[in-house]
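So the structure is just underneath, and the comments pick up after that.
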Amino acid sequence: MKLLKHYIPKSIIIICILLISQGAQSQNERHNLIKKSAILSISCPGLGQIQNKKHWKVPIIYIGLSGAVYSYVTNNQKYQEYKSAYISETDGDQNTINMSGYSASNLITLENYYRNSRDLSGLMFFLIYFLNIIDASVDAHLANYNLSDNLSLSLNDNNDPTLGSINLYLTWDL
């Protein structure tokens, strides 16, 4: 988890540049919509989904983000609590009292557990944030996708028993 401190800021910058520059070269309305949805989701999670008229996804995004933040804060408080308890246990001063009731090795184990859980919660926050941006961009890409009933697929067998073949027909009305 210590590597995340070095790679997350660089990854954020690279992904933001890629998403912003994705629609920058084209000038038509569709690519501007894609770019706008991505930028809106970067600026405030859920705005890209509102732009794409997928309002039902916004509560899911905010539930995920708030759950990750709650988990981060809770695990950080526990981490700080066990860290200070370990410091008070190992400082060598007879006047300090360890109120946790754990030994030094148990405190190290608990400290590492809550630090890893805190880091994982932070990673989940960024993952949900980036999935929000990707979802808005993909929804904008698929906004003009044709789902008409003009495409049909049928399987017909030949009535000639000597040929023994099956024909596959694909019909597409433009």
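The values are calculated or read from the model by the stated rules, or taken from the named source; none is laboratory data. From a predicted model like this one, the values you see are computed outputs, not experimental measurements. FYI the Cβ positions are ideal-geometry reconstructions off the backbone, even for glycines, and counts take in every protein chain you see.
Mind listing whichever residues of segment 41-81 are among the basic types (K, R) and over 17 Å from I128 (Cα atoms)? Write out each step before concluding.
Of the residues in segment 41-81, the ones among the basic types (K, R) are 53-54, 57, 78.
Those that are among the basic types (K, R) and over 17 Å from I128 (Cα atoms): K53, K78.
If you take the residues in segment 80-104 that are over 30 Å from A68 (Cβ atoms) and hydroxyl-bearing (S, T, Y), which one is modelled with the lowest pLDDT?
Out of the qualifying residues, it is T96.
With segment 24-139 as the region, which helices (runs of 4 or more DSSP H) entirely inside it contain at least 3 residues that are surrounded by fewer than 15 Cβ atoms within 10 Å (Cβ to Cβ) and free of Cβ contacts under 8 Å to residues at least 12 places away in the same chain?
On the way: elements: 29-43, 47-51, 57-90.
In segment 24-139, 29-43, 57-90 are the helices (runs of 4 or more DSSP H) which contain 3 or more residues that are surrounded by fewer than 15 Cβ atoms within 10 Å (Cβ to Cβ) and free of Cβ contacts under 8 Å to residues at least 12 places away in the same chain.
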